[in-house]
Amino acid sequence: MSLAIITGASSGIGAEFALQLKERYGVDELWLIARRRDRMEELGRSLGVRCKIIVADLTEKSGIEAVREALVQEKPQVDYLINCAGFGNFGSFDQISEAEVEGMIDLNVKATVLITHMTVPYMKRGARIVTMGSGSCFTPLPYFNIYSSGKVFVLHYTKSLNFELKKYGIRATCFCPGWVETEFLGKATSQSNVTRPPLSAMKPLLNCKKVVRGCLRRVKRGRTMYVTGWYTKLQHLLFKILPDKLLTYAWLGMLKGPEDNGN
Ligand SMILES: NC(=O)c1ccc[n+]([C@@H]2O[C@H](COP(=O)([O-])OP(=O)(O)OC[C@H]3O[C@@H](n4cnc5c(N)ncnc54)[C@H](OP(=O)(O)O)[C@@H]3O)[C@@H](O)[C@H]2O)c1
């Protein structure tokens, strides 16, 4: 028996992790967590393994508690925890609402930490944790500030957690892809009244299947971080040798103001 818990399992990277964990890594029980029940049920049916669907808004305390309750009740042995729930909205400090700020911090940062902490006691030697960083971890990104700063937190958190978990034989990997073809970008660029890059500047998009396959190989090896996408790898390298201001200026050069966000 092998069990994986996946947040953000109703679409994109999370759903792809579910598929590949079952197909390539022999996982035979999945806990799928997100808000859209229908999507998770459909995924569960297509996978043909035992799936526990937890419908939870992880920005809410009740959503986090629903996951804790399931753990306490079932006392599972967890082999993989994949923290994929997340979203990112563009906009300057005065274009972005307080609700958006809270939502991104609560989901991308707080839920990742809380769900990881409550799951570790149900893990044994060899278990693996994935957290979602991003290519935005490496450079200060004005107008994507809350999202990218949250991902910096997740990266540092994962690296430190790895040291703490070493004695238990559990490894955590922070997955840092560039732009991946999922629903994420459509949601992130749905607002035209904010400063953001045009969709054309986010290409070529990475293939979800390919990046998840690459990530799982690194997860198996116990890598602390997995950066993928040539642009993101280059950015990661340049960040180590150039002042971050230069990369931030390159990012600013790509942005469009609210008045010319027609796409
Ligand atoms: N796509 C990219 O370019 C990219 C690049 C780097 C990092 N990432 C990161 O990768 C992760 C997955 O993103 P994705 O690209 O797969 O995007 P996605 O297709 O939009 O998936 C996001 C997932 O998060 C869930 N979610 C959103 N709000 C939630 C909430 N309040 N409570 C519980 N679940 C919630 C969504 O499910 P429901 O709507 O059903 O709740 C969905 O399953 C995110 O952390 C993102 O920051 C994405």
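The values are calculated or read from the model by the stated rules, or taken from the named source; none is laboratory data. Keep in mind that what you see is a predicted model, and the values were worked out from it rather than measured. Heads up, the Cβs are rebuilt from the backbone with ideal geometry, glycines too, and the neighbour counts pull from every protein chain shown. Note: accessible area is taken over every heavy atom of the protein model, side chains too, but ligands, DNA and RNA are not part of it. Shrake-Rupley method; radii C 1.70, N 1.55, O 1.52, S 1.80 Å.
Listing for the model above:
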{"read-out": "Qualifying residue in segment 205-226 (condition: of a type in the set (Gly, Ala, Ser) and surrounded by fewer than 13 Cβ atoms within 10 Å (Cβ to Cβ))", "value": "no"}
{"read-out": "Residue tally, condition touching a residue at least 12 places away in the same chain (Cβ under 8 Å) and open to solvent by 100 Å² or more (accessible area, probe 1.4 Å), over segment 231-243", "value": "1"}
{"read-out": "Members of segment 57-71 found to be in a loop (DSSP other than H, G, I, E, B) and under 15 Å from His117 (Cβ atoms), listed by number", "value": "Leu58"}
{"read-out": "Qualifying residue in segment 33-40 (condition: under 27 Å from Ile146 (Cβ atoms), within 10 Å of the ligand (Cβ to nearest atom) and either modelled with pLDDT under 95 or part of a loop (DSSP other than H, G, I, E, B) (or both))", "value": "yes"}
{"read-out": "Residues located in segment 116-143, provided they are part of a loop (DSSP other than H, G, I, E, B) and either without any contact (Cβ under 8 Å) to a residue 60 or more places away in the chain or on the phi > 0 side of the Ramachandran plot (or both)", "value": "Ser134, Tyr143"}
{"read-out": "Checklist (1) surrounded by 18 or more Cβ atoms within 10 Å (Cβ to Cβ); (2) of a type in the set (Lys, Arg); (3) more than 10 Å from the ligand (Cβ to nearest atom) applied to Lys151, failing item", "value": "(3)"}
{"read-out": "Some residue of segment 49-66 being at pLDDT 95 or above, of a type outside the set (Ser, Thr, Tyr), more than 21 Å from the chain's Cα centre (by Cα) and open to solvent by less than 20 Å² (accessible area, probe 1.4 Å)", "value": "no"}
{"read-out": "Pairs, first closer than 21 Å to Asn108 by Cα in segment 54-80, second away from the ligand (no atom under 12 Å from the Cβ) and charged (D, E, K, R), C-beta under 6 Å, six or more apart", "value": "Tyr80/Arg128"}
{"read-out": "Subset of segment 179-194 [open to solvent by 20 Å² or more (accessible area, probe 1.4 Å) and part of a loop (DSSP other than H, G, I, E, B)]", "value": "Trp179, Glu181, Thr182, Ser190, Gln191, Ser192, Asn193"}
{"read-out": "Per-region count, segment 8-29, residues more than 20 Å from Leu71 (Cα to Cα), of a type in the set (D, E, K, R), more than 16 Å from the ligand (Cβ to nearest atom) and touching a residue at least 12 places away in the same chain (Cβ under 8 Å)", "value": "2"}
{"read-out": "In segment 154-178, the residues that are part of a helix (DSSP H, G or I) and either near the ligand (Cβ under 10 Å from one of its atoms) or within 23 Å of Asn207 (Cα to Cα) (or both)", "value": "Val154, Leu155"}
{"read-out": "Flag if Phe138 is within 16 Å of the ligand (Cβ to nearest atom) and open to solvent by less than 60 Å² (accessible area, probe 1.4 Å)", "value": "yes"}
{"read-out": "Looking only at segment 74-120, and only at residues there that are away from the ligand (no atom under 13 Å from the Cβ) and among the polar types (S, T, N, Q), the one that is most open to solvent (accessible area, probe 1.4 Å)", "value": "Gln77"}
{"read-out": "Matching residues in segment 189-202 - criterion: being at pLDDT 90 or above and in contact with a Phe, Trp or Tyr (Cβ under 6 Å, 6 or more places away or on another chain)", "value": "Val194, Thr195, Arg196"}
